[in-house]
Structure formats: structure tokens, C-alpha cells
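Worksheet: one structure, shown below.
The values are calculated or read from the model by the stated rules, or taken from the named source; none is laboratory data. Predicted model only: the values in this text are computed from it and were never measured. Neighbour counts are summed over all protein chains in view; Cβ atoms, including those assigned to glycine, are modelled from backbone coordinates with ideal geometry. Only protein heavy atoms, including side chains, enter the accessible area calculation; ligands, DNA and RNA are left aside. Shrake-Rupley method; radii C 1.70, N 1.55, O 1.52, S 1.80 Å.
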Amino acid sequence: MEKIVKIVDGVYYVGVNDRDTHLFENIWPLPKGVSYNSYLLVDERTALVDTVKLCKLSPYLEKIGQVLNGRQLDYLVVNHMEPDHSGALAAIVQAYPGVKIVGNKKTVDFIRAMYQVEANFYEVEDGDELDLGQRKLKFYLTPMVHWPETMMTYETTAGIIFSGDAFGGFGSLDGGVFDDEVDVTYYEHEIRRYYSNIVGKFGPMVQKALQKLSALEIRVVCPTHGPVWRTNPGRIISSYDRWSRYVYDEGVVIAYGTMYGSTEKMADFIARVLADEGIRNVRVMNTSAVHESFIINEIWRFKGVIFGSCTYNNWIYPPLENVIINLAHKGLPNRVFGVFGSYGWSGGGVKGILEYLKKNNWQLVGEPVEVQFSAKAADFERLRKLALEMARAVKS
Ligand code: FEO
């Protein structure tokens, strides 16, 4: 029997870890796994907040049964309908037939469309409350963080926000559940990778949600992924605030595509010049070897980006093009960028990058450098100038 983790008296963590799924949303690698967090409140009435992905149903039901200890489940609060949280919804309705499903109008529409479940719905609007006995839940609609039906649930006595995807991140919970039980730095990169790739597109909506929450006294942040923040909830809230305002640090990401090393050699040369100029955060990333989500994660953090491409079919090298397309979907503004690349008999890589990035409204730094097959002395001089201008741009 698993040891159940208590958030506060009467509020329990009943989430599960998933170390089997390789790709979140079938796109994003999960080298450290992921947790699907769910919470159970036991009061005069009982309420489950969000469920888990269906693949983890059995251990999940076991935990719920253990906490309820024979009691009925009165409410299932659905903050978010993406199947990593709603996957077990139908099974919960089946296991606890009297349960009322709490959600907003869109939630109910989505439940019907996704699962064809007809249950006892308890529809709420922004600011509505639900009395559990000693505790009250208050609902805040936070659309597009991450889907249109998304809402957050605030427990008013202990000051717990059940925040859905917001404030969450990749990484399974390996024993420790709370921020004070784990090395937070272990999770930091995975939390930002989750934010930048999953929620990042909706920065303005995250800002709206943060404004809505700003009047609340938040003592515990219970997201649907990653650690529960009870000792330093301000840390994760301020990180989300920074990322959703597109705040950057000093640093440069050099993302390149190379077939036989010529473009990589240029990338390394630029990196060395940047280091000479005192730029401590330089990330040289091979787009063929590193999944785009890790590259986008670094670009979310730093002000400068330099793309380097060999020419492939008269165009950008495909793995690099994929990064650029995905970045454009995220709508990340206010970065400065440089471009370099190589070609054999006709160009296309550099030209392609410039065409894409026109749409991003980023500021071009220095002159693009394109060389035939491999960089010669004069080309390295042009690369040096590009690196110097980038160093100046990210320091300013
Ligand atoms: Fe964790 Fe949008 O689902």
C-alpha cells in the first residue's frame, strides 16, 4: 500500500508518475518522466480535483480508494480537459456513480464531445463557490492556460490554488512531492521546457490569469504536473510571470544544422568569440541531435539567437527548419538574431532563415554570413564581426 501524501489536513495528493510514456502529447521527449497530479479533499463532502492519464488508472483508483476509505466521492472538479488530466474521468464516474462533475460551460461541452459521458454536471461561472463543509472552493476561469475551458480552483481556508497546467513542469516526482522535499534546480530546466513548449504560446493569457490571482493569498500551489509549491510558491509564480512577459537573460543560443561539419565549425568559431567577449551563457545546439523542445527552451531564456544552416534542397536544413517553424508558432517576441551558413553550388539555407524570421519581427544583428562549402580566412573574419555585434546586442 502506497503512503499517501498529505498537502494539509484533509487535502491529499493522489497523483501518479508516468515514466513509461516517451513523448508528451506524442511530440515532447520525457527524459525525466512526468507526473499527473490529482488532489482529493475530504471534508463533510469529498472532492477530487482533476484526474490522470488513462494509462495510470489502476494505481490512481487504488490511491483514491485508500483515502476515501469507503466514503463516497461527491464532486469531481475538472480544471482542464486535456486527456493527461481528464483521461480517468469516465472511470471515476463509473466507480463513483453519484459524483457531480464540476466545470464551466465549455468543460461540460468538451466532456460530452470527448467522452460521451452524461453525468450529473454542476456548472460554475467565474467567481462561483462550492461549500465542502469546513472548506470552500472558489473557481476562476483562466481560458487558454492551456485550453479554452481551463479554470483554476482556490481553496479558501489553507490558501491552496489548484492551478492546472499553470506552474507545472516535466519530471516525475521521485519520492519528494513538495518544493522543500526536492532539489528544485533538478526540475528548473524541465519546468521551463514545459512552459515554453506547451503553454508559452499563450503568454498574454497567462498574464491575465496571474492578474486574476494577484488578489488571492496563495500559500500552496498545486499544479497538475511537477512539484507542489508550499515553501516558496512565489518562486514558481514569478518564473511564470517572467516567462509569460518574455523577459530574457544575457546569453546566446547558436542552433545549427550541418551535414559534414562545415557549418558546425563556424558555430564553434562564433561561440569562442562570444566567450572571449565575456558572454558566459552560450549554447551551441545541433538541431539533428537535440530535440527542438530543448532548443526552444534555451531560446526562451536568452536574448540572442544565431541560426546556422547548410543548404539542403536549395533551402534550410530540415531539422533546423523544424525548430524555426515551431518557434514561429509560439510567437516569442523581442529577440535579436544573426544568421550564417554554407552552400555547395547554389545557396538557400541562409535565405530561407531570413524569410522565416522576417515574420517574427526579431531584430537582425550583423551581416548574414554564407560560405561556399567551408569557411576561409576572410569568412572567419566576417563571422568574428557577426559574433562581436551579437555580443554587443545581448549586453545592451
Ligand atoms: Fe497537462 Fe494541457 O495538459
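Tell me the per residue accessible area of the stretch 5-244 using a 1.4 Å probe; a whole number in Å² is fine.
38
So, for the stretch 249-395, what is the accessible surface per residue at a probe of 1.4 Å, expressed in square angstrom? Mind dumping the intermediate values first?
Numbers: 6390 Å² over 147 residues.
I get 43 Å² per residue for this part.
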For q values of 0.12 Å⁻¹, compute log₁₀ I(q)/I(0) with the Debye formula on a Cα-only model of the stretch 9-146, without solvent. -0.47
Cα gyration tensor of the chain diagonalised, 5x eigenvalues square-rooted, in angstrom largest first, produces semi-axes 46, 20, 18
Karplus couplings for the stretch 360-373 from phi (6.51 cos²θ - 1.76 cosθ + 1.60, θ = phi - 60°), rounded to Hz, Gly and Pro as x? 6, 6, 8, 8, 6, 10, x, 8, x, 10, 10, 10, 8, 6
Share of alpha-carbon pairs per 5 Å distance bin for the stretch 249-395, given as whole %: 2, 11, 23, 26, 23, 12, 3, 0
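Per residue of the chain, what 222 nm ellipticity follows from adding -39500 (n - 2.57) for every DSSP H run with n ≥ 4, rounded to the nearest 500?
On the way: 12 runs with 135 residues, N = 396.
Rounded to the nearest 500, it is -10500 deg cm²/dmol.
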Whole-percent carbon and sulfur share, accessible surface of the stretch 1-79, 1.4 Å: 51
Please list log₁₀ I(q)/I(0) at q = 0.15 Å⁻¹ for the stretch 221-293, using the Debye equation with identical point scatterers on the alpha-carbon positions. -0.73
Using heavy-atom solvent-accessible surface (probe 1.4 Å) with all chains present, what is the largest-first order of 181, 264? 181, 264
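Can you figure out the FRET efficiency of residue 329 with residue 180, using R₀ = 35 Å and their beta-carbon distance, to the nearest 0.05? Walk me through the numbers on the way to the answer.
Details: r = 36 Å, r/R0 = 1.03.
Using R0 = 35 Å, I get an efficiency of 0.45.
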Size of the dipole of the stretch 116-193 about the Cα centre, Lys and Arg at +1 and Asp and Glu at -1 on the beta carbon, nothing else charged, in debye to 20? 80
Rounded to the nearest 20 Debye, what is the dipole magnitude of the chain about its Cα centre when Lys and Arg each give +1 and Asp and Glu each give -1 at the C-beta? 920
Quick one: how many Å² of residue 315 are accessible to a 1.4 Å probe, rounded to 10? 70
The stretch 288-370, Kirkwood Rh and Cα Rg, ratio Rg/Rh at 0.94
Can you tell me the relative contact order of the chain? Whole percent, Cα pairs under 8 Å, sequence separation 6 or more. 11
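Give me the percent of accessible area attributable to carbon and sulfur for the stretch 109-260, probe 1.4 angstrom.
On the way: 2890 of 5930 Å².
The C+S portion of the solvent-accessible surface of the stretch 109-260 is 49 percent.
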Cut-off 19 Å, label 7 Å out along Cα→Cβ of residue 58, residues of the stretch 5-32 by amide N: 15-22
I'd like the antiparallel share, as a percent to the nearest 5, of DSSP beta bridges with both residues in the chain. 45
